[in-house]
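In what follows, a single structure is set out as structure tokens and then discussed.
The values are calculated or read from the model by the stated rules, or taken from the named source; none is laboratory data. Keep in mind it's a predicted model, so treat the numbers as computed, not measured. Cβ coordinates were reconstructed from backbone atoms using ideal geometry, including for glycine residues, and neighbour counts include every protein chain displayed. Ligands, DNA and RNA are stripped out before the accessible areas are found, and what is left, the full protein with its side chains, is counted by its heavy atoms. Shrake-Rupley method; radii C 1.70, N 1.55, O 1.52, S 1.80 Å.
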Amino acid sequence: MEDERAHILPEADSGTSENSRRNFLKQSTLLTAIALTPATAVKAAEAHVDEKIAGAFEKMPVKLEVNGINHSLSVEPRATLLDILREQLDLTGTKKGCDHGQCGACTVHVDGRRVNSCLTLGVMVNGKKITTIEGLAKGDELHPMQEAFIKHDGFQCGYCTPGQIMSAVACIREGHANSEMEIREYMSGNICRCGAYPNIVNAIQEVKEGGFKV
Amino acid sequence: MKPFQYTKAVTQQSAIEAIAKPGVKIIAGGTNLVDLMKRGVTAPDKLVDINNLPLKSISLDKAGQLHIGALALNSTVSESPLVLEQQPLLAMALKAGASPQLRNMATVGGNMMQRTRCAYFYDTTMPCNKRQPGSGCGALEGYNRMHAIFGTSNKCIAVHPSDMCVALAALGAEVTVSSRKGSRVIPFTDFHRLPGDHPEKDNTLADGELITGVVISNNKFAKNSYYLKIRDRQSYAFALVSVAAALEINNGTIKEARLAMGGVAHKPWRLYDAEKALAGKPANEESFNQAAQIAMQGAKGYQFNSFKLKLAPAAITEALKHAAGIA
């Protein structure tokens with residue numbers, strides 16, 4: 001393979017900025033094509049696209065569907081989904097707690113699966129569907145889990161609450177809300193320093209037992 | 001976090017070509033790697049994202065061997081009907097690890113590659129031979145409550161943090177890897193290594209090798225296996241001590257036993273002597289207590305973790321009782 005660094009290094013290093021930029025754009029176009037084309041076309045393109053996608057300081061094009069709205073973004077490879085949601089899309093409902101995957105405040109759904117957005121690189125969820133706390137309510141009508149958290153006083157300071165609710169919805173969808181013990185185990189990735197746990201469990205049990213559509 | 005290049009590999013071959021260069025790291029789930037990069041413990045020049053590779057399947061072959069792709073998610077494996085039916089010990093161990101969110105991201109290969117959670121390894125202002133060879137070990141004379149009691153060296157007393165790997169070591173799984181040189185199989189118990197003089201090396205994976213999956217051979221442990229994890233809180237914490245126990249019992253007599261521990265060594269710690277001692281014995285508490293005593297030979301405590309010298313044998317007996325159905 002030819003020396004890839006000539007194509008990838010930032011302009012300052014390579015001294016051939018136009019060339020570098022052109023190559024990057026070319027590769028970016030191929031990348032987008034890959035996301036949209038069938039396997040045979042991917043196979044044809046991969047020989048060229050595989051090795052050079054984004055330089056260390058270059059931003060990459062990323063498409064995300066967040067709460068049903070499509071976004072075309074430009075992000076650094078090191079930007080986490082959490083930072084992209086909060087700082088580029090102004091969706092500040094998703095909270096940054098520990099920023100190291102230990103507290104669960106940043107929990108969102110990626111293609112329906114709950115994950116820690118603080119440990120998810122934005123470039124790695126290109127083309128995926130993201131649901132955040134802002135995407136649960138239908139207009140002015142709160143999601144049943146949001147209603148239940150209010151009714152059962154499932155929070156005090158409220159900082160962990162968006163993550164708790166995203167996890168709670170996933171907990172029921174996954175089929176892991178069949179007993180208090182099971183709920184506690186499957187909610188263990190969400191820490192509440194105010195200690196609202198008993199009320200959170202009550203809220204989840206009510207939604208589960210009420211047969212609400214989550 | 002230091003900026004890095006990012007590449008998405010589309011084929012196994014292109015991933016192997018990409019990782020053959022220095023400064024390149026593979027990213028799969030990223031749950032440990034992104035954390036380490038944020039803290040500056042590791043700073044790769046380039047990440048190769050392998051999530052598009054077709055290494056996610058879980059299947060049973062005609063010989064009853066269970067094949068699990070390196071990119072199968074921890075959550076998927078732990079709930080797979082095939083795994084629950086054939087190798088329930090593995091599902092139990094997986095469910096004991098991390099949180100539901102992390103298990104939804106973490107892969108089998110990534111779980112094997114995770115680094116120790118030793119606080120001195122994570123704190124870049126502290127000496128650590130694993131992070132910076134030759135800088136010393138902060139844990140040896142430091143706060144070593146979470147640390148190893150078996151197979152330590154004067155360079156490192158860190159433990160491997162995985163639960164999944166403890167079950168795979170007990171079950172005698174094999175790891176399949178690929179590189180430019182071709183493919184090879186590594187016995188799971190040889191995959192991770194003891195620290196010795198080179199604690200910077202967690203495992204025996206050669207440069208440029210990609211984990212493609214694990215294989216668990218057919219066995220008769222499904223009925224009598226148990227994963228016991230002892231930790232500071234009931235869920236979502238690393239093990240102080242954990243035990244994977246698998247028994248094949250015929251009319252109350254142990255035909256074959258498999259035992260491995262987590263939280264006690266730089267690698268999943270297989271208890272071969274205790275296994276041998278259990279073979280042919282009645283499946284009762286007395287046999288289990290004897291095996292637990294044998295298992296502790298060679299154990300060595302440090303200032304803050306000597307409690308593990310009592311906790312570990314008690315955990316072994318308890319796990320065996322659960323496995324045998326007499327708890």
### Task
For chain B, set up a Gaussian network in which alpha carbons nearer than 10 Å are linked by springs, and say which option among B:ALA295, B:ALA257, B:ALA43 fluctuates the most.
B:ALA43
### Query
When we measure straight from the Cα of B:LYS267, which lysines land under 18 angstrom away, once same-chain ones fewer than 8 places off are left out?
B:LYS130, B:LYS155, B:LYS201, B:LYS229, B:LYS300, B:LYS308
### Query
What's the Kirkwood radius of the protein assembly as shown in Å, using all Cα pairs?
24.6 Å
### Query
How large is the dipole of chain B about the Cα centre if only Lys and Arg carry +1 and Asp and Glu carry -1, each at its Cβ, rounded to the nearest 20 debye?
400 debye
### Message
From the alpha carbon gyration tensor of the stretch B:224-324, can you work out the equivalent ellipsoid semi-axes (sqrt of 5 times each eigenvalue) and give them in Å, largest to smallest?
### Response
23, 15, 11
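For chain B, what is the calculated [θ] at 222 nm in deg cm²/dmol (nearest 500), taking -39500 (n - 2.57) for each run of four or more DSSP H residues and dividing by its residue count? Before the final figure, lay out each step's value.
On the way: 13 runs with 94 residues, N = 327.
The helix contribution divided over chain B gives -7500 deg cm²/dmol.
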### Message
Nothing charged except the Cβ atoms of Lys and Arg (+1) and of Asp and Glu (-1): what's the magnitude of the dipole of the stretch A:136-209 about its Cα centre? Round to the nearest 20 debye.
### Response
180 debye
### Query
Counting GluC sites (Glu not before Pro) as exposed when in a DSSP loop with at most 15 other beta carbons within 10 Å, what is the longest stretch of chain B free of them?
B:1-140
### Query
When the accessible area of the stretch A:59-135 is split by element with a 1.4 Å probe, what percent falls to carbon and sulfur?
42 percent
### Task
Taking 40 Å² as the minimum loss, tell me which residues in the stretch A:109-149 lose that much accessible area going from the chain by itself to the full protein complex (1.4 Å probe).
A:ARG113, A:ARG114, A:ASN116, A:LEU119, A:LEU121, A:MET124
### Query
When only the heavy atoms of the protein chains count and the probe is 1.4 Å, how do B:LEU47, B:LEU140 rank by accessible area, highest first?
B:LEU140, B:LEU47
### Query
Extent of the stretch A:67-214 along each principal axis, from alpha carbon coordinates, in Å, largest to smallest?
43, 29, 26
### Query
At the nearest 100 Å², what buried accessible area, both sides summed, do you get for A and B when the probe is 1.4 Å?
3500 Å²
### Relative contact order (%) - chain B, alpha-carbon pairs under 8 angstrom, separation at least six
16 percent
### Under-5 Å amide H pairs with A:LEU91, H placed in peptide plane, nonlocal only
A:ARG86
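In the neighborhood of B:LYS308, defined by Cβ-to-Cβ distances under 12 Å, what is the net charge if each Lys or Arg adds +1 and each Asp or Glu adds -1? If you can, show how the numbers build up before the last one.
Numbers: positive: B:ARG145, B:LYS300, B:LYS310; negative: none.
That works out to +3.
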### Query
Counting only the backbone N, which residues of the stretch A:123-151 are under 13 Å from the spot 7 Å out from the Cα of A:CYS194 toward its beta-carbon?
A:149-151
### Task
Mind ranking B:LYS321, B:LYS181, B:LYS310 by accessible surface for me, highest first, 1.4 Å probe?
B:LYS181, B:LYS310, B:LYS321
### Query
Based on the Cα coordinates of the stretch A:136-209, what is the per residue volume of their convex hull in Å³?
81 Å³
### Query
How much of B:PHE304 can a 1.4 Å solvent probe reach, expressed as accessible area in Å² and rounded to 10?
80 Å²
### Message
Between B:ARG231 and B:ASP207, what is the label-point separation in nm under the 7 Å Cα-to-beta-carbon projection?
### Response
3.6 nm
### Query
What's the center-to-center distance, using Cα atoms, between the stretch B:60-86 and the stretch B:204-225 in Å?
11 Å
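Only Lys, Arg, Asp and Glu count, each charged at its Cβ (+1, +1, -1, -1), so figure out the dipole size of the stretch B:224-324 about its Cα centre, rounded to 20 debye.
Numbers: 13 positive and 8 negative charges, 68 e Å.
Using only the charged Cβ atoms, the result is roughly 320 debye.
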### Query
If the cut-off is a Cα-Cα distance under 25 Å, which lysines reach A:LYS138, setting aside same-chain residues fewer than 8 apart in sequence?
A:LYS63, A:LYS95, A:LYS96, A:LYS128, A:LYS129, A:LYS151, A:LYS208, A:LYS213
